[in-house]
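Only one structure is covered here, and it is reproduced in the block below.
The values are calculated or read from the model by the stated rules, or taken from the named source; none is laboratory data. What you see is a predicted model; the values in this text were computed from it and never measured. Backbone-built Cβ (ideal geometry, glycine too); neighbour counts: all protein chains shown. Ligands, DNA and RNA are stripped out before the accessible areas are found, and what is left, the full protein with its side chains, is counted by its heavy atoms. Shrake-Rupley method; radii C 1.70, N 1.55, O 1.52, S 1.80 Å.
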Amino acid sequence: MKILLITLMVAASAHAGEKPEFKYDLNSPEALAAKAKYASYERDGQALQTRELYKELERLDAAKKSRIALAKPEEIFAAAFVMNDDDMRAISYATVLQKRSESGDSYASFFYAVREWDFCQRMQQQTGDVWAKQASECWRNVMSTFKKASDGQIADATFNIARLYQNGFGVTPSKLVAAEWYVKSANQYTKQNDRDEALTAVESALNLVPDHPAALRLRKAMLK
């Protein structure tokens with residue numbers, strides 16, 4: 001039951017920019033106070049560097065999961081679904097991260113996709129057509145966001161696109177396409193003078209397609 005509720009919680013918050021709709025008068029004191037809090041937390045998030053913003057989101061996510069895991073049986077539902085200040089802050093920070101991604105911040109795109117990856121995996125672990133559809137949509141979102149980061153020359157994003165194709169997450173699995181993306185990430189790592197990661201990417205490509213010409217040439221050049 002705890003695992004199910006954690007899954008429901010992360011699925012509900014997967015699309016960060018979608019703030020919960022108020023089911024009462026939008027001009028009531030409660031609604032206005034909540035809106036003011038969201039706005040305040042969003043300003044706090046805007047003051048953080050992108051990496052710091054992501055680290056704060058990781059901390060808030062971990063705290064949420066811990067509250068649910070440690071809750072007594074009669075407290076689990078409240079721990080999962082009753083909003084507290086940390087939950088509101090997490091939604092606001094995730095909104096900032098999403099907006100930065102949409103505005104062309106490559107690092108924000110990378111961190112947003114990394115965070116979504118965990119949500120997608122949890123959805124994929126569930127059974128049923130509804131979960132499968134949601135997981136597929138989630139993976140497609142991860143793919144498009146990683147591609148934005150890859151276009152910004154973030155090699156880790158390019159490497160993760162290869163993993164998506166290798167595992168068939170949201171796409172038709174393809175060893176050849178995955179190998180191409182691994183090679184692309186290797187070239188990006190090389191430009192960043194990260195030889196170890198570049199070699200790992202090349203070996204990943206060759207594990208899938210042993211006779212891949214570009215990967216063989218790149219490995220030969222690197223080993224010299």
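Tabulated values for the structure
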| read-out | value |
| --- | --- |
| Contacts under 8 angstrom Cβ, first residue in the range 75-100 being over 16 Å from residue 41 (Cα atoms), partner outside any helix (DSSP H, G or I) and of a type outside the set (Gly, Ala, Ser), 6 or more apart | 76/1 |
| When residues of the range 128-161 are limited to those that are under 14 Å from residue 111 (Cα atoms), small (Gly, Ala, Ser) and without any contact (Cβ under 8 Å) to a residue 40 or more places away in the chain, the one least open to solvent (accessible area, probe 1.4 Å) | 150 |
| Only one of 36, 80, 71 that is among the hydrophobic types (A, V, I, L, M, F, W, C) and either open to solvent by 20 Å² or more (accessible area, probe 1.4 Å) or at pLDDT 90 or above (or both) | 36 |
| Near pairs, Cβ below 7 angstrom, 6+ apart or cross-chain, from the range 30-44 (within 14 Å of residue 99 (Cβ to Cβ)) to any residue that is of a type in the set (D, E, K, R) and open to solvent by 30 Å² or more (accessible area, probe 1.4 Å) | 38/19; 41/89 |
| Residue 59 being within 21 Å of the chain's Cα centre (by Cα), open to solvent by 60 Å² or more (accessible area, probe 1.4 Å) and modelled with pLDDT of 85 or more | yes |
| Index of the failed condition, residue 125 passing every other in (1) open to solvent by 40 Å² or more (accessible area, probe 1.4 Å); (2) under 14 Å from the mean Cα position of the chain (by Cα) | (2) |
| Where residue 53 falls short, out of the listed (1) surrounded by fewer than 12 Cβ atoms within 10 Å (Cβ to Cβ); (2) modelled with pLDDT of 95 or more; (3) of a type in the set (A, V, I, L, M, F, W, C) | (1) |
| Residue check, residue 161 at negative phi and modelled with pLDDT of 95 or more | yes |
| Of the criteria (1) farther than 28 Å from residue 94 by Cβ; (2) modelled with pLDDT of 95 or more; (3) open to solvent by less than 80 Å² (accessible area, probe 1.4 Å), which one residue 210 fails | (3) |
| Filter result (of a type in the set (A, V, I, L, M, F, W, C) and either free of Cβ contacts under 8 Å to residues at least 24 places away in the same chain or in a loop (DSSP other than H, G, I, E, B) (or both)) within the range 162-179 | 169, 171, 177 |
